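The values are calculated or read from the model by the stated rules, or taken from the named source; none is laboratory data. Computed from a prediction, not measured in an experiment: that's the story for all the values here. Backbone-built Cβ (ideal geometry, glycine too); neighbour counts: all protein chains shown.
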Ligand code: UDX
Ligand code: ADP
């Protein structure tokens, strides 16, 4: 029986291994982590992450051929294939701070593999890492090898949160990079055999190591670039009276461009886009490619601009001050169908409003009050470091309260800001909400989810990203 061990039971490791276990009953899959709480949660009925469909998959194979454990050394030493899916945060200090990836967790995982292994291993990079990390890992392993042979593969994961299970079941492609030597090709084939249990062969792409590593960074940079492009257009639409949804639709109909990832928003978030682009920028700079680095940096700058623009729009529409005013924040996760808040645009928007002394009442169907307080007190780039290293002010942010539902968050509020596109925000009783709000009552829709005409009929002043402006907003000072 082939044995797989995955180091790191997070958003990538957990769901990916569950889907491998479900589709490969003949393979034993053990997911290990240093976090005892995370492993206990995986072993309970309350999984540590919210992901539609995940519960059902885990239920079917947990205890059969899927196991979660903190006994890292035992399972690593027994495995034939080791996936490494640990976090690779942005460095907060030292060389490349604020840009380069911090490979501390990766390096300690590699050293541990070298320490405990007694048989040949295939080590698979799952977490996104800078190009040429595999080479560094290979060096650590071979310099401590005690005669054991290691093959390093890069197998970047392309799942998106909120749709992880369907992405894993029907991936657009599986990418496997490895050494182009006989042993390297054998290792590639061994991993290919795992995926071949459910992924059609023509969707499994094999490349050299560096191509696989770079492709992941490139794919995320291209996706984020589309969002920054459409968000840049949204500012121009507001200035001209064009409608960004109509522009996206017309542009996306060009089969060379395609319709996906063209939704204007308050900005992209998530654990990958900003981090991977910063990584790409750093790699370009290190290779003397300043122009290329600046090109990609602009994708992040437009994203920051979009979040600032939203805050400015809120403040300028409300008579240039939100001091002491209650604002209901609808949604805090970086997208719908996840409880993940890493790099969510809600953090910057809330911090911006708090900077103008607003009082916030935040509602999200999946994010805990603790997490919101932690996010609003955390330093930039702190979000991807382990929780026990996060600063948590004893009282949290005083101007912030957490609401149980959208109605509580909006009661007596002057404005609502929709920051996550949760489906439930489309069907709220907006008449009831309007009746319980201060007047004039504003809705700032950062995700273009509400029916603008209907809300205006009720009496709201509505702002939607990239849409023709409400007459009220037209007469307010222009936003930068
Ligand atoms: C992304 C990549 O899609 C995935 O392939 C990779 O493995 C990890 O990074 P993820 O961050 O989970 O996945 O979610 P994604 O659906 O890409 O959304 C990222 C951000 O972009 C979200 O904040 C989302 O709201 C925003 N977005 C997405 C837009 O603003 N507009 C769009 O049209 C699409
Ligand atoms: P991702 O979104 O990439 O899956 P997460 O932060 O959700 O990232 O998951 C990474 C996991 O890796 C965390 O649960 C963390 O505790 C775990 N981890 C980090 N370093 C190690 C290590 N050396 N050994 C085992 N687990 C580790």
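Can you name the residue in segment 253-273 that is without any contact (Cβ under 8 Å) to a residue 60 or more places away in the chain and surrounded by 15 or more Cβ atoms within 10 Å (Cβ to Cβ) and is also farthest from ligand 2 (Cβ to nearest atom) among such residues? Restricting to residues being without any contact (Cβ under 8 Å) to a residue 60 or more places away in the chain and surrounded by 15 or more Cβ atoms within 10 Å (Cβ to Cβ), the top hit is 262.
Apart from one condition, residue 334 fits all of (1) closer than 25 Å to residue 158 by Cβ; (2) outside any helix (DSSP H, G or I); (3) without any contact (Cβ under 8 Å) to a residue 24 or more places away in the chain; the exception is (3).
Scanning segment 159-172 for residues that are buried (at least 18 other Cβ atoms within 10 Å of the Cβ), within 15 Å of ligand 2 (Cβ to nearest atom) and part of a loop (DSSP other than H, G, I, E, B) yields a count of 3. Here residue 48 meets the list (1) touching a residue at least 60 places away in the same chain (Cβ under 8 Å); (2) surrounded by fewer than 20 Cβ atoms within 10 Å (Cβ to Cβ); (3) outside any helix (DSSP H, G or I) almost entirely, failing just condition (1).
Scanning segment 412-435 for residues that are exposed (fewer than 14 other Cβ atoms within 10 Å of the Cβ), part of a loop (DSSP other than H, G, I, E, B) and in contact (Cβ under 8 Å) with a residue 24 or more places away in the chain yields a count of 1. Keeping to segment 329-351, report how many residues are within 16 Å of residue 381 (Cβ to Cβ), more than 10 Å from ligand 1 (Cβ to nearest atom) and under 14 Å from the mean Cα position of the chain (by Cα). Residues that pass the stated criteria total 2.
Only one of the listed residues (83, 68) is free of Cβ contacts under 8 Å to residues at least 60 places away in the same chain, crowded, with 23+ Cβ neighbours inside 10 Å and within 26 Å of the chain's Cα centre (by Cα). That residue is 68.
Mind checking whether some residue in segment 168-176 is over 19 Å from residue 15 (Cα atoms) and in contact with a strand residue (DSSP E or B) (Cβ under 6 Å, 6 or more places away or on another chain)? No: zero hits.
You will find that of 172, 193, the residue that is within 30 Å of residue 300 (Cβ to Cβ), in the same structural domain as residue 27 (by TED's automatic domain parsing) and without any contact (Cβ under 8 Å) to a residue 60 or more places away in the chain is 172 and no other.
Residue-wise test of (1) farther than 15 Å from residue 63 by Cα; (2) within 19 Å of the chain's Cα centre (by Cα); (3) modelled with pLDDT under 95.
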position	(1), (2), (3)
4	no, no, no
9	yes, yes, no
18	no, no, no
24	no, no, no
33	yes, no, no
37	yes, no, no
40	no, no, no
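Residue-wise test of (1) more than 16 Å from ligand 1 (Cβ to nearest atom); (2) outside any helix (DSSP H, G or I); (3) buried (at least 22 other Cβ atoms within 10 Å of the Cβ); (4) touching a residue at least 24 places away in the same chain (Cβ under 8 Å).
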position	(1), (2), (3), (4)
212	no, no, yes, yes
215	no, no, no, yes
230	no, no, yes, yes
251	no, no, no, no
275	no, no, yes, yes
293	yes, no, no, no
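The condition of being touching a helix residue (DSSP H, G or I) at 6+ places or on another chain (Cβ under 6 Å), within 21 Å of residue 384 (Cβ to Cβ) and either more than 16 Å from ligand 2 (Cβ to nearest atom) or at pLDDT 95 or above (or both) holds for only one of 347, 362, that being 347. Considering only residues in segment 98-149 that are more than 26 Å from the chain's Cα centre (by Cα) and at positive phi, the one that is surrounded by the fewest Cβ atoms within 10 Å (Cβ to Cβ) turns out to be 147.
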